[in-house]
Amino acid sequence: MKKTISFVVVILFCIQNIFAQIEKMEPPFWWSGMNNSDLQVMFYGKNIAEYQVSSEGKFVIKEITKTENPNYIFVTIDTKDIEPSEIQFHFKKKTKTVFTTPYILKQRAENSANRSSYTSADVMYLIMPDRFANGNPDNDSHPSLTEKGNRSLPGGRHGGDIEGIKQNLDYIKDLGATAVWITPVCEDNDKAYSYHTYGQSDVYKIDARYGTNEEYVNLSAAMKKKGLKLIKDYVTNHWGAEHWMFKDMPTYDWFHQFPGYAQSNFKMTTQFDTNASARDSKYCMDGWFVKSMPDLNQSNPLTLKYLIQNAIWWIEYADLDGFRVDTYSYNDKEGIAKWTKAITDEYPNFNIVGEVWMHDQAQMSYWQKDSPIAKIQSFNSYLPSVMDFTLHDAIGTVFKEDKPSWDQGIVKVYDNFVNDFLYPNPNNLLLFTENHDTQRINHLYDIKGCQLATALIGTVRGIPQLYYGSEIGMAGNKDKGDADIRQDFPGGWKGDAQNAFTNEGRTETQKAYYNFTSTLFNWRKNKSVIHSGKMTHYIPENNVYVYFRHNEKESVMIILNNHSEKQNIGLERFKENIKNYTKGKNIFDKKMFNLNTNLEIEGKGVLILELE
């Protein structure tokens, strides 16, 4: 009996010792058959660096890195030609194994490397999960997380979650969207204002107020069944100050130090400005976005490898269809290029759009893969897509400008596309009238102006993106703060006075917004001429912009009247595109227009004509 008790005590002691030593192991598991076979496993625990690490069987440890912090060991193993299996890591003192821990290499999903992604055939729907729908009120607060649910607080946690998105996938699909960009959902344990989740505290764990890792994976699977793609918002530039690795840094230079905090100057032009001072360049790239978001150092090989593996882990684990990358152009440009290339080498078809918030096409082009501008400096970001902020700039003012001039009115939109020659791939730009950081389009314009803007992004080159609620006329004034442009979607919470997720629950005004948007984007779904056809546009006259999307099989004529009054448009100057077509059918009301006579369009009106 004494021997049995002693044996149990020894076992319990060993288990306790393992858990005391290994608090975290990241990535928590991996997959066999990856393109990059060098896997860096990070072990974290109190004084874990005092051990020697070895493995058994076919697994070869290529490198063991210990830093100035004894609580970390980074072990790089070669997984090439290793079948799905369990690795045993032995932690030793001298020659004695103190404890052993398993590590799993899983089987990859079939054809995972060649997964498809979002393209110009898609319409992307942007959701801030905390503000979209509360599918599970039980997770509005969580005992391990500081900020609790408080819907009465504009900048607080309102309770929207993964389950709320899952319950409304049919709504998103019926709207005409085919891909969903969800702002970050990994844990953000800031004391306040944590709902935006860009200050992450654990990048391997879904925030418990949104759900669990398993719920996120299930959401991805449910979306696949409905023909929807899941786009993860990835943050490479910074974490939150509550991140456990910031509280116990693996190395002093895991984050940019000045020492400690220094504010970014936000001058992204210093990344390529040949006249920029070294100091200005450093403070743009290394400076912190805000004091609560420590800036990650992608020039540290350990940090960069960690970020690459975390991104790939989420793609593989959650079966993701693409990334949107936050504050892309604030990163160390050589480091972020390596990060991007590593992901697209692993997944050749995987699309990544970077937030490059600049106001000049040449500067934005610099960040797109194979840019002729960046080539001058022998730089390639390998980033497939950037966000078309110059078009967004034009959209923000143009539909108020009723009196056209050389540089005012709809000509601003025309001038945006004039510069498409600067981009290596203009058809892979992300187009938007608004997002979670900008003024709400429905605050800037009435329904006519919003319809002009929506029709524009839905019919020109690139990938259109909608922001949740825009399709029902949701407004909000950014001048009042970010919470005002991130209001709760009506009907997303039990007990809401109105449910705009249903036709019956919408007001007449909301129906007018929704019907226009859903008609446009459902029509667009099957229109390859819009997805990949050539665009030919004509110099605007009297604030009317006319352009065609055409291929060998079909042609669509788009007319945007930015004038407040009805216009009578002669069609003779469009003959090179009208050709032998004699009629055009408007996609909204199916009305037929004769192309042999002048064409009338109402003030602030839109015509999208399928030519016959």
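The values are calculated or read from the model by the stated rules, or taken from the named source; none is laboratory data. The model shown is predicted, which means the values in this text are computed figures rather than measured ones. All Cβ positions, even for glycine, are placed from backbone atoms using ideal geometry, and neighbour counts span all protein chains on display. Ligands, DNA and RNA are stripped out before the accessible areas are found, and what is left, the full protein with its side chains, is counted by its heavy atoms. Shrake-Rupley method; radii C 1.70, N 1.55, O 1.52, S 1.80 Å.
Here are some notes:
- Residues satisfying the stated conditions in region 263-310, i.e. in a loop (DSSP other than H, G, I, E, B), touching a helix residue (DSSP H, G or I) at 6+ places or on another chain (Cβ under 6 Å), open to solvent by 20 Å² or more (accessible area, probe 1.4 Å) and over 19 Å from residue 67 (Cα atoms): 265, 267, 276
- Number of positions in region 564-586 that are closer than 14 Å to residue 596 by Cβ and touching a Phe, Trp or Tyr at 6+ places or on another chain (Cβ under 8 Å): 3
- Any strands (runs of 3 or more DSSP E) falling wholly within region 96-192 and containing at least 3 residues that are more than 30 Å from residue 529 (Cα to Cα) and either modelled with pLDDT of 95 or more or in contact with a Cys (Cβ under 9 Å, 6 or more places away or on another chain) (or both): 96-106
- If only residues of region 401-437 that are open to solvent by 40 Å² or more (accessible area, probe 1.4 Å) and of a type in the set (A, V, I, L, M, F, W, C) are counted, the one that is farthest from residue 196 (Cα to Cα) is 406.
- Looking only at region 360-379, residues that are touching a helix residue (DSSP H, G or I) at 6+ places or on another chain (Cβ under 6 Å) and either open to solvent by 10 Å² or more (accessible area, probe 1.4 Å) or assigned to a helix (DSSP H, G or I) (or both) come to 4 in all.
- Checking each residue in region 465-475 for being in a loop (DSSP other than H, G, I, E, B) and either surrounded by fewer than 20 Cβ atoms within 10 Å (Cβ to Cβ) or among the polar types (S, T, N, Q) (or both) picks out only 475.
- Yes/no for residue 444 being in contact with a Ser or Thr (Cβ under 9 Å, 6 or more places away or on another chain), open to solvent by less than 10 Å² (accessible area, probe 1.4 Å) and under 23 Å from residue 608 (Cβ atoms): no
- Total residues in region 19-28, condition part of a loop (DSSP other than H, G, I, E, B) and surrounded by 16 or more Cβ atoms within 10 Å (Cβ to Cβ): 2
- Residue in region 206-228 that is more than 14 Å from residue 160 (Cβ to Cβ), assigned to a strand (DSSP E or B) and within 16 Å of the chain's Cα centre (by Cα) present: no
- For residue 95, the requirement of being surrounded by fewer than 16 Cβ atoms within 10 Å (Cβ to Cβ), among the β-branched types (Val, Ile, Thr), free of Cβ contacts under 8 Å to residues at least 12 places away in the same chain and over 30 Å from residue 221 (Cβ atoms) is met.
- Across region 318-350, the number of residues qualifying as within 15 Å of residue 117 (Cα to Cα), of a type outside the set (Asp, Glu) and open to solvent by 10 Å² or more (accessible area, probe 1.4 Å) comes to 3.
Yes/no matrix, rows are residues, columns are (1) of a type in the set (S, T, N, Q); (2) surrounded by fewer than 21 Cβ atoms within 10 Å (Cβ to Cβ); (3) free of Cβ contacts under 8 Å to residues at least 60 places away in the same chain:
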residue	(1), (2), (3)
485	no, no, yes
490	no, yes, yes
499	yes, yes, yes
508	no, yes, yes
511	no, yes, yes
515	yes, yes, yes
527	no, yes, yes
549	no, no, no
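- Taken over region 326-355, the criterion of being assigned to a helix (DSSP H, G or I), under 16 Å from the mean Cα position of the chain (by Cα) and of a type in the set (Gly, Ala, Ser) is satisfied by 329 alone.
- Elements of type strands (runs of 3 or more DSSP E) contained in region 32-86, each with 2 or more residues being among the aliphatic types (A, V, I, L, M), within 14 Å of residue 250 (Cβ to Cβ) and in contact (Cβ under 8 Å) with a residue 40 or more places away in the chain: 38-44
- The set of residues from region 380-400 being part of a loop (DSSP other than H, G, I, E, B) and either open to solvent by 30 Å² or more (accessible area, probe 1.4 Å) or without any contact (Cβ under 8 Å) to a residue 40 or more places away in the chain (or both) comprises 380, 382, 400.
- Residue in region 175-187 that is of a type outside the set (Val, Ile, Thr), out of contact with any Asp or Glu (no Cβ under 7 Å at 6 or more places or on another chain) and open to solvent by 10 Å² or more (accessible area, probe 1.4 Å) present: no
- Residue satisfying condition, being under 20 Å from residue 461 (Cα atoms) and small (Gly, Ala, Ser), within set 528, 564: 528
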